[in-house]
Amino acid sequence: MKKTIFIICLILLVFFHKVFGQEFSFKMTFIDAVGNTDTLIIGFDNIATDSVDAELGEVNIIDIELDSIFDVRITNEWYVRAWPGYQDKSKYHLLKQIVKKDCSPGASPVSIDIKCSHWPVTAKWDSSLFRGDPCHVGSVFTSMNPGLWWDIMTPSNLYQCKISEHDEVTFTSNADKYFYPGDFGEDSYMNSDHDTISVFWVALGTTAIWSYVDQKHYDNSIFLYPNPSCDYIRFDSKNQLDFKNSEVYDLTGRKQDISVHDTEIDIRRLKNGIYFIRMNDNENRTIVKKFIKN
């Protein structure tokens, strides 16, 4: 029965795609380490919304179980978990998403959720499609939500792949070594079936997205755990850290009045949400890491 529903959804998807065009779209093919494949369609149009747009060929397949080995979908699971404004919205799982056209940097990033038993995964696309319109020439595929801070490291080795300059990229999981059942972060989450889901992003936008990057602030040698946490965040680092000038900020950039000690942060006074801590390492480089208070 589930296979029948899935086939019907695919037929509807193809039908709507042929009948109802959109201003711009492209195909991404994902291949795991043993050859399993999955395909998504992403694009933009002036009439698109942040819900399921049937008139643009979007079909919600949330009731279809994830493949046991490899499954790639566009969802709003991360948004519903992370952003208060999305918590009253219905969840969706799509094989195609058309977002509202917006030529500002990194507008309307698309969340790509990957369940995979055999990492790494390779993503492929046609880069020539991105070399005309300035509204998408700067599009990127990344492990970091472009709506947050580019100078934050993620567990995956995928940083920021410029879609107009490459036809493919191979990348690792976005669930780090501190990921545990019931965990949720901006990089990964565990669903109700106890599947570990790595979250990645496609941002359609101008080349201004690229200017956000400053790899001098990028470091994968520092881990915060447990993350999320309700009381204390602790550090695991290969480098010696200087906490004298450390500061904690919320998503809007407001500095938080909390103390940072040598091995932990007391976050009990913070409201639930996503935060960032800036600190210096023993080479006087500024390191920025993110954590969640729940």
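The values are calculated or read from the model by the stated rules, or taken from the named source; none is laboratory data. Since we're looking at a predicted model, the values are computed, not measured. Cβ placement follows ideal geometry from the backbone for every residue including glycine, while neighbour counts extend to all protein chains displayed.
Just one of the listed residues (Ile114, Ile152) is of a type in the set (Val, Ile, Thr) and at pLDDT 95 or above, and it is Ile114. Picking from residues in region 229-252 that are modelled with pLDDT of 80 or more and not in a strand (DSSP E or B), the one that is nearest to Ile274 (Cα to Cα) is Cys230.
Residues that are under 17 Å from Val199 (Cβ atoms) and modelled with pLDDT under 95 within region 51-78 comprise Asn76, Glu77, Trp78, listed in sequence order. Residue count for region 44-58, restricted to those that are surrounded by 16 or more Cβ atoms within 10 Å (Cβ to Cβ) and β-branched (Val, Ile, Thr): 1. Where residues in region 169-220 are assigned to a strand (DSSP E or B) and among the hydroxyl-bearing types (Ser, Thr, Tyr), which of them is modelled with the highest pLDDT? Selected residue: Thr170. For region 260-269, a residue qualifies if it is under 9 Å from Asp231 (Cα atoms) and part of a loop (DSSP other than H, G, I, E, B), and the qualifying residues are Ile267, Arg268, Arg269. Answer yes or no as to whether Thr122 is at pLDDT 85 or above and either under 25 Å from Pro226 (Cα atoms) or assigned by TED's automatic domain parsing to the domain that holds Asp236 (or both). No; evaluated as a whole, the condition is false for this residue.
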